[in-house]
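Below is one structure; the comments refer to it alone.
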Amino acid sequence: MRVLGVDPGLTRCGVGVVEGVAGRPLTMLGVGVVRTPADADLGHRLVAVEQGLEQWLDEHRPEFVAVERVFSQHNVRTVMGTAQASAVAILCASRRGIPVALHTPSEVKAAVTGSGRAEKAQVGAMVTRLLRLDAPPKPADAADALALAICHIWRAPAQNRLQQAVAAHAARAPRTPPATPRAPAAPHASKGRTA
């Protein structure tokens, strides 16, 4: 399985490609950051993020794209930029028919370090260890993108089994036809004599 992890951001959008399957050693195929100037117009920044992600998709041809799920922060401006970059990543993948998975930061931390409250340094250290790298990827956005890809590779088999179980259960469940509304009772005809 080849996964492109995307840690969305307008100024720095982390990207990392990991290949492998759960339970086996993983291989990093590429890591980096798509950058945009903070003083540029929003539209130009979004186009730059799109172009950068398209280059990664062209070069690495991932089977899946894992994007960090945007969560509420205190800084609304930061959340908006993150959400916009996230939408660009989802759009780029969907345009190519590549399935997209969203993972929360705590899911990623728990998958990689064992704790959903791990610090960025711990995530970077575990990514380095799991991918057998010489040093943690810099900046942290790049390490986070690799962590997203690792998380998806490890979680996908369980998620697929769960989806298959739900689908199988739905297929076995007896289908009850929708209740048909009853017609109102006809008034009783009076028995009268006709002349």
Please give, to one decimal in nm, the separation of the simple spin-label points placed at Leu102 and Val166, each 7 Å out from Cα toward the Cβ.
1.4
For the charge dipole of the chain, defined by +1 on Lys and Arg C-beta atoms and -1 on Asp and Glu C-beta atoms about the Cα centroid, which residue among Pro137, Thr113, Met126 has the Cα displaced farthest towards the positive pole?
Thr113
If each residue of separation counts as 0.36 nm, what is the full-extension length gain between Asp134 and Glu54 once their alpha-carbon separation is subtracted?
26.0 nm
Can you give the Rg and Dmax of the range 62-149 based on its C-alpha atoms, in angstrom?
13.6, 37
Hey, rough spin-label estimate for Ala40 and Val79, points 7 angstrom out along Cα→Cβ, what's it come to in nanometres?
2.6
Spelling it out for Val15: with amide H atoms placed in the peptide plane at 1.01 Å from N, the residues 5 or more places away or on another chain with amide H under 5 Å from its amide H are Asp7, Gly32, Val33, Val34
Mean Cβ-within-10 Å packing, highest first, puts peptides 145-154, 7-16, 56-65, 110-119 in the order 145-154, 7-16, 56-65, 110-119
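Tell me, in nm to one decimal, what length is gained between Arg69 and Met1 on full extension, where the rule is 0.36 nm per residue of separation less the Cα-Cα distance? Can you show the working numbers first?
Working: separation 68, 0.36 × 68 = 24.48 nm, distance 2.09 nm.
Length gained between Arg69 and Met1: 22.4 nm.
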Tell me, what % of the accessible area of the chain is carbon and sulfur with a 1.4 angstrom probe?
55
Between (i) 9, 31, 27, 12, 6, 4, 3, 3, 3, 1, 0; (ii) 8, 32, 36, 20, 3; (iii) 8, 26, 29, 24, 11, 2, 0, which entry matches P(r) over Cα pairs in 10 Å bins from 0, in percent as derived from the coordinates of this structure?
(i)
Per-residue [θ]222 nm for the chain (sum of -39500 (n - 2.57) over DSSP H runs n ≥ 4, rounded to 500)
-16000 deg cm²/dmol
Taking the Cα centre of the chain as origin, work out the dipole magnitude from +1 charges on Lys and Arg Cβ and -1 charges on Asp and Glu Cβ, in debye rounded to 20.
1320
The range 1-72 versus the range 105-138: alpha-carbon centroid distance in Å
17
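The values are calculated or read from the model by the stated rules, or taken from the named source; none is laboratory data. Treat the numbers as computed from the prediction; the structure is a model and nothing was measured. No Cβ is skipped: glycine too gets one built from the backbone with ideal geometry, and neighbour counts run over all protein chains shown. Please note that ligands, DNA and RNA were not included when accessible areas were found on the heavy atoms of the full protein model with its side chains. Shrake-Rupley method; radii C 1.70, N 1.55, O 1.52, S 1.80 Å.
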